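Every number in this text was worked out from the coordinates using simple rules, so none of it is lab data. Bear in mind that the values here come from a model prediction, so they are computed numbers and not experimental data. Every residue, glycine among them, receives a Cβ derived from its backbone with ideal geometry; neighbour counts consider all protein chains shown.
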Amino acid sequence: MEEAEVLCDELAILYQGEIALVGTPAGLTGAIGEGATLDDVFVSIAGRSLQEAGAFRDVRQTRATASHLG
């Protein structure tokens, strides 16, 4: 998320396959409070951190297994 804060003028945060928030990094973090990060914004939406939600590799493996099993 640090890269998004530096590189993006505007961004959307997805949660459970839907756009949860859209805005500038400064606007999104400012809505949470002083010193907040985009990770804090995600936690405020999802109720858990990205690490707790699982890695992309885990999702890819689960989808491959489900596809294989039919």
Here FRET efficiency (C-beta to C-beta, ALA20 to THR65, R₀ 22 Å, nearest 0.05) is 0.20
Could you derive backbone 3J(HN,Hα) for the stretch 3-11 from the dihedral phi with the Karplus parameters 6.51, -1.76 and 1.60 (θ = phi - 60°), listing whole Hz in sequence and x where the residue is Gly or Pro? 5, 5, 4, 7, 8, 9, 7, 8, 8
For ALA20, residues with placed amide H under 5 Å, excluding near neighbours: ILE13, LEU14, TYR15
